[in-house]
1. Pull up all non-local amide H partners of Gln45: gap of 5 or more, or a different chain, and H-to-H distance under 5 Å with H placed in the peptide plane.
2. Taking the Cβ-Cβ separation of Thr68 and Ala89 as r and a Förster radius of 25 Å, what is the calculated FRET efficiency to the nearest 0.05?
Amino acid sequence: MAAASAARAVGRRSRRLFDIFVAEVPWTVSSKELKEYFSQFGSVQRCQLPFDKDTGFHRRYCWIKFSTPQDVENVLQKDSHILEGAKLALKQQPRRRRSQRKKSE
């Protein structure tokens with residue numbers, strides 16, 4: 001039980017490192033397809049698409065981490081992002097320095 005809560009805490013902290021939160025991801029889109037799509041705007045370091053362990057489906061949102069801030073700007077300059085006919089909802093994640101993070105230990 002303690003290990004599970006520790007893993008969730010690490011997951012919450014790691015999300016702060018991502019540049020963009022993407023919502024309204026169609027059920028049929030995979031993390032590979034998301035990474036390929038966002039690669040047109042710059043170098044994607046990581047795409048995290050969480051799955052529901054009860055249903056086996058992803059939760060229709062993800063986090064994208066880019067190599068440079070310019071890559072993030074390239075994504076945000078485009079008015080709308082559409083995958084498989086669905087409009088994605090993007091939100092830029094604030095970058096936090098280590099000194100600004102809450103110390104939970």
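Bear in mind these aren't lab numbers, they're just calculated from the coordinates by the rules spelled out. In this text, all values refer to a predicted model and were calculated from it rather than measured experimentally. A quick note on method: Cβ atoms are made from the backbone with ideal geometry, for glycine too, and the neighbour counts reach across all protein chains shown.
1. Under 5 Å from the amide H of Gln45 lie the amide H atoms of Lys65, Phe66, Ser67, each far enough along the sequence or on another chain.
2. Values: r = 23 Å, r/R0 = 0.92.
Working from the Cβ atoms, E equals 0.60.
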